[in-house]
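Participant: Below you will find the structure I want to go over with you.
Bear in mind that the values in this text are calculations on the coordinates, not laboratory data. Not measured: the values here are computed from a predicted model. Here the Cβ is made from the backbone with ideal geometry for all residues, glycine too, and neighbour counts use every protein chain on show.
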Amino acid sequence: MELRKWDKISVERMEGLHPDLRKGLNIAIQLTPFPFRVIEGPRTLERQRHLVKIGASKTLRSRHIPKVPKGYNKAYAHAFDAVPLVDLNNDGKIDTNEMFHWPLYHRMAPFIKQAFKDAGVPIEWGGDSALAAAVEGVSVIPAVGVSR
């Protein structure tokens with residue numbers, strides 16, 4: 001079985017993620033039943049403010065904003081957003097509606113959670129929140145964050 005590799009966009013967006021998140025992600029990309037892309041890792045405070053303003057986030061205290069964890073001398077983001085890469089309508093391309101097709105998040109969630117468990121990295125899956133359940137079918141991306 002050939003190992004899946006990260007696409008260029010994911011590699012760029014994972015730059016600055018906490019090493020534990022990268023460790024879990026590298027396991028997850030092999031376990032999920034289909035490929036996925038990391039579309040956002042570290043955010044600036046300015047970007048977070050914008051996301052709050054447009055209603056895409058509820059807090060300015062996002063784990064996407066890099067912080068220096070204990071025992072480190074570098075700031076890392078402790079959250080990422082990912083989207084499935086599945087060509088649902090078999091037209092040879094993956095469009096935005098396919099990337100934000102909520103049932104695919106439910107399919108990939110157990111594999112991502114298992115990958116982080118295998119890596120020994122506790123996480124919170126944003127898709128488990130009451131908000132995510134309330135807006136099923138709407139373009140919401142579950143964020144994943146290290147819970148340490």
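Participant: May I ask you to compute the full-extension gain from residue 39 to residue 124, defined as 0.36 nm times their residue separation minus their alpha-carbon distance, rounded to one decimal in nm?
Facilitator: Here the segment from residue 39 to residue 124 would lengthen by 28.8 nm.
Participant: Can you compute the charge dipole magnitude of the range 8-146 about its Cα centre, using +1 on each Lys and Arg Cβ and -1 on each Asp and Glu Cβ, nothing else charged? Give it in debye, rounded to the nearest 20.
Facilitator: Here the size comes out at about 680 debye.
Participant: How far apart, in nm, are the 7 Å Cα→Cβ label points at residue 95 and residue 4?
Facilitator: 2.3 nm
Participant: Only helices at least 24 Å long along their axis, Cα-based, and averaging -0.5 or more on Kyte-Doolittle count here, so list those DSSP H runs from the chain.
Facilitator: 102-119
Participant: From the list (i) 72, 33, 28; (ii) 45, 39, 28; (iii) 45, 34, 22, can you say which value of Cα extents along the principal axes in Å was derived from the structure given?
Facilitator: Entry (ii).
Participant: How much length is gained if the chain between residue 49 and residue 114 is pulled fully straight, taking 0.36 nm per residue apart and subtracting their Cα-Cα distance, in nm to one decimal?
Facilitator: So the chain would gain 20.2 nm between residue 49 and residue 114.
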